[in-house]
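Comments concern the structure below.
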Amino acid sequence: MSGLLNIVVITAAVALVFVRQFKAQRVTSESKTWWLIPLVLTVMAVREPGLLDPAHHTASAALLGVETLIGLACGLGWARTTRIWTDADGVVWTKGSWAAAGVWLCGLVLRLGLLGIAAALGVHQGSAATMLSVAAMLLTRGGATLWRAQAAQQKYRVPVAG
């Protein structure tokens with residue numbers, strides 16, 4: 001797949017998730033597909049031949065590891081800044097806060113800094129590395145948010161004495 005198509009896929013996935021985060025969403029049984037977009041992005045990234053720079057294999061692998069860690073940290077920060085509440089009927093809702101946008105911005109700055117380091121070292125970082133990092137971020141955010149939502153739902157359920 002071409003680098004341009006990768007960029008389009010990354011941008012579309014991020015835009016979809018980013019825009020949806022600011023809309024209150026009900027946590028339902030359909031929320032069990034939270035891993036699907038990260039899985040698709042991961043498969044696309046791993047299939048790319050340029051995931052690691054063959055001329056700088058070790059440095060490229062180290063930069064990919066750092067970029068993936070940035071994705072994991074941003075996903076966790078994003079999940080932590082997501083507002084979760086239970087309505088009067090016991091339904092759990094989530095909505096991203098503006099602090100989540102700050103987490104995204106911080107992650108973007110860190111990724112750009114990493115690209116600068118890679119360029120200074122002469123290491124080629126393709127769009128597949130970014131795709132893998134975004135997949136890690138979305139997977140971590142989805143899993144941690146769902147875990148928090150399930151915990152909120154369990155708090156709401158009070159055993160009936162009888």
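The values are calculated or read from the model by the stated rules, or taken from the named source; none is laboratory data. In this text the structure is predicted, and so the values were computed from the model without any measurement. Reconstructed Cβ throughout: ideal geometry from the backbone, glycine too, with neighbour counts over all protein chains shown. Side chains included, ligands, DNA and RNA excluded: accessible areas come from the protein's heavy atoms. Shrake-Rupley method; radii C 1.70, N 1.55, O 1.52, S 1.80 Å.
Extending 7 Å from the Cα toward the beta-carbon at both Leu108 and Leu72 defines two label points whose distance is 2.5 nm.
Here is the size of segment 11-109 from its Cα atoms: Rg then Dmax, 16.5, 59 Å. Of the residues Ile10, Ile37, Gly102, the one whose Cα sits farthest toward the positive end of the charge dipole of the chain, with +1 on the Cβ of Lys and Arg and -1 on the Cβ of Asp and Glu, is Gly102. Under a GNM of the chain (C-alpha, springs under 10 Å), which listed residue has the highest mean-square fluctuation: Val109, Val14, Val27? Highest fluctuation of the listed residues: Val109. In the context of the full set of protein chains, the chain has a per residue accessible area of 58 Å² (1.4 Å probe). Measuring nothing but how far apart in sequence close Cα pairs (under 8 Å, 6+ apart) lie, relative to its length, the chain scores a relative contact order of 38 percent. The simple Förster model, with R0 at 22 Å and r as the Cβ-Cβ distance, assigns Leu39 and Gln153 a FRET efficiency of 0.35. The angle separating the long axis of helix 57-80 from the principal Cα axis of greatest extent in the chain is about 20 degrees.
Each of Gln153, Leu64, Leu51 was scored by the projection of its Cα onto the charge dipole of segment 10-162, and the greatest displacement toward the positive side belongs to Gln153; charges sit on the C-beta of Lys, Arg, Asp and Glu.
Only protein atoms count toward the accessible area here, which uses a 1.4 Å probe; on the chain, the carbon and sulfur part of that area reaches 69 percent. Annotation: extensible slack from Trp98 through Ala24 equals 25.3 nm (criterion: 0.36 nm per residue apart, minus Cα-Cα distance). Placing +1 on the Cβ of every Lys and Arg and -1 on the Cβ of every Asp and Glu, with nothing else charged, gives the chain a dipole about its Cα centre of roughly 580 debye. Taking the C-alpha atoms only, the angle from helix 127-156 to the longest principal axis of the chain is near 10 degrees. In the chain the longest region clear of trypsin sites (Lys or Arg not before Pro) that are loop-assigned by DSSP and have at most 11 other C-beta atoms within 10 Å covers 24-156.
Determine the distance separating the Cα centre of segment 1-77 from the Cα centre of segment 122-156; give it in Å without decimals. Distance between centres, Cα-based: 8 Å.
Across segment 28-122, the mean sequence separation of Cα contacts (distance under 8 Å, 6 or more residues apart), normalised by length, yields a relative contact order of 22 percent.
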